[in-house]
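Read through the structure below, which is laid out as structure tokens, and then see the notes.
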Amino acid sequence: MGIKTFLPKEQQEAIVQAIVDAENATSGEIRVHMESSCKCDVLDRAAQIFKKLKMHKTQLRNGALIYLAVKDRKFAILGDAGINAKVPEGFWDEIKIVMAENFKKDDFVSGLTVGIHMIGEKLKTYFPLTADDENELSNEISFGA
């Protein structure tokens, strides 16, 4: 079973809808990337994917990536420079705890959708939605090997 079929289509659609809903409250951009495994440091891999997805190209540098390596049970949340310049230390910690609780139960959809909503809520404080906001990044889940 490949990573693209790890979650049924309906579950993938629920995750994409969570991104759409979260981005309706913030100018921040949220992406989810899933891979089977991660053989290096999870934050290093998330940074590689962040760059590959050109998430650093948003106007306000306010992209947030949820990276998930399913088989290795590793995940990371990575924010761009614009986010990191404004938010307090430990900004992602609460979100990571809630997501990890769901992942431990093999409930990846709830972990991702709840995490996405929490990211949207937190980002709207620092990056509120503006009238001229454009969706700069795809809302679709990206997949690795």
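The values are calculated or read from the model by the stated rules, or taken from the named source; none is laboratory data. All of these numbers come straight from a predicted model, not from anything done at the bench. Reconstructed Cβ throughout: ideal geometry from the backbone, glycine too, with neighbour counts over all protein chains shown.
Structure above, values below:
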item	result
Contacts under 7 angstrom Cβ, first residue in region 118-145 being in contact (Cβ under 8 Å) with a residue 12 or more places away in the chain and within 17 Å of residue 16 (Cβ to Cβ), partner in a loop (DSSP other than H, G, I, E, B) and not basic (Lys, Arg), 6 or more apart	120/25; 136/58; 136/59; 137/58; 142/53
Unique match (being surrounded by fewer than 16 Cβ atoms within 10 Å (Cβ to Cβ), of a type outside the set (S, T, N, Q) and touching a Leu at 6+ places or on another chain (Cβ under 8 Å)) among 43, 68	43
Residue in region 40-65 that is farthest from the chain's Cα centre (by Cα), counting only those that are farther than 13 Å from residue 144 by Cβ and assigned to a strand (DSSP E or B)	63
Set 103, 108: member being surrounded by 12 or more Cβ atoms within 10 Å (Cβ to Cβ), over 16 Å from residue 78 (Cβ atoms) and free of Cβ contacts under 8 Å to residues at least 40 places away in the same chain	103
Those residues of region 1-37 which are touching a helix residue (DSSP H, G or I) at 6+ places or on another chain (Cβ under 7 Å), at pLDDT below 95 and either among the basic types (Lys, Arg) or within 14 Å of residue 123 (Cα to Cα) (or both), in sequence order	25
Region 119-137, subset in contact with a helix residue (DSSP H, G or I) (Cβ under 9 Å, 6 or more places away or on another chain) and assigned to a loop (DSSP other than H, G, I, E, B), residue surrounded by the fewest Cβ atoms within 10 Å (Cβ to Cβ)	135
Filtered residue count, region 75-95, keeping only those that are surrounded by 18 or more Cβ atoms within 10 Å (Cβ to Cβ) and not hydrophobic (A, V, I, L, M, F, W, C)	3
